[in-house]
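What follows is a short report on a single structure.
The values are calculated or read from the model by the stated rules, or taken from the named source; none is laboratory data. All of these numbers come straight from a predicted model, not from anything done at the bench. Here the Cβ positions follow ideal geometry from the backbone for every residue, glycine too, while neighbour counts run over all protein chains shown.
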Amino acid sequence: MSGKITVIGSTNVDITMRLSRLPEKGETISGGDYYQAFGGKGANQAVAAARCGGQVTLVTCLGNDHFTTLLIESFLNHNIQTQYVFVEETSFTGTAVIMTDKTGNNYIGVAGGANDFLTPDKIEKALPSISQADIVLLQNEIPEATVRFVLNTCEKLKKKVIFNIAPACRLTDELFNKIHIAVVNETEAEMVTGIKILNSSDVERAAKLFISKGTPNVVITLGAKGAYVAGETEGFYVRGLEVEAVDTTGAGDVFCGALAIAYTEGMPIRKAVEFANAAAAISVTRLGAQPSAPRRDEVLDMIKNLAD
Ligand code: ADP
């Protein structure tokens, strides 16, 4: 019963340096720790969906550098189809450089690199995969023209799109009804709707705004508090699960990947969000974005334990 998902989005390499303190302008701080992790919302969500048992094709664009082969190997190790992983010869793989101090304060710089070359012509090449998908999972770390092209193409092909509007942007009105499920966290919900979110009635108002503009399903994730789900006829909360959070990086990506797989398997939206909520809760108990995504059996065990 495994669902076919085409994920269209970014790939980044995160280079993190942990220092005793953050440098002043022009200062050099030595003696730090260093580590490298694969990220980008597209790649993270593809990995999360594949770990949960989906048949995943990733449409993304890498640069021409030493990360290219490592990333493709990593996708293949996760059973992700890579025939539409493009390589832009003239660019570098998207990179985030992160400096943190011991207390978690940080400086972050992102260079989109090859992600900026995931243009509509590349999406056209990936049409065979989009046409065969049960659902398309999209994020907003790629050019705006591409996002628009994906939404328009999927509308023509009658393909449902789950759009994680992250990073957030204001959407033009004609795009809302091309989204089947919009997923945003509270900050993104504020940015997209312009409604300041201070309490649950603000959350519900923000969700209603999506519905009134034509998006049939909206999920607003609420961190440790879980998620609010709204459809045309009802709205309900899925309570956050009590876990010992170690690292919440990428929780939203695990949520989206797991939601997509559960939904394509035919679970009603409430069940699919419960599945995503459990997957994301497990992920926050572990370090990292991609390595923290749980396997399907772990998610099912967590749900079963809750019911017992
Ligand atoms: P993002 O990572 O995009 O900022 P959220 O912080 O809203 O998004 O988290 C996404 C989902 O991850 C939540 O809806 C919830 O299911 C899960 N989650 C996040 N933080 C926790 C936590 N501390 N405990 C349990 N679940 C969490």
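Worth a mention:
- If you filter segment 70-118 down to residues that are in a loop (DSSP other than H, G, I, E, B) and acidic (Asp, Glu), you find that the one that is farthest from residue 24 (Cα to Cα) is 89.
- Filter result for the condition that a residue is more than 19 Å from residue 207 (Cα to Cα) and either within 13 Å of the ligand (Cβ to nearest atom) or surrounded by 18 or more Cβ atoms within 10 Å (Cβ to Cβ) (or both), over 227, 278, 307: 278
- Exclusive hit being modelled with pLDDT under 95, surrounded by fewer than 20 Cβ atoms within 10 Å (Cβ to Cβ) and either not in a helix (DSSP H, G or I) or not aliphatic (A, V, I, L, M) (or both), set 286, 270: 286
- Considering each residue of segment 257-275 in turn, none proves to be among the hydroxyl-bearing types (Ser, Thr, Tyr) and either within 8 Å of the ligand (Cβ to nearest atom) or farther than 23 Å from residue 163 by Cβ (or both).
- Test: residue in segment 230-252 that is within 7 Å of the ligand (Cβ to nearest atom), in a helix (DSSP H, G or I) and either at pLDDT 95 or above or among the aliphatic types (A, V, I, L, M) (or both): yes
- When residues of segment 192-215 are limited to those that are among the hydrophobic types (A, V, I, L, M, F, W, C) and part of a helix (DSSP H, G or I), the one nearest to residue 169 (Cα to Cα): 192
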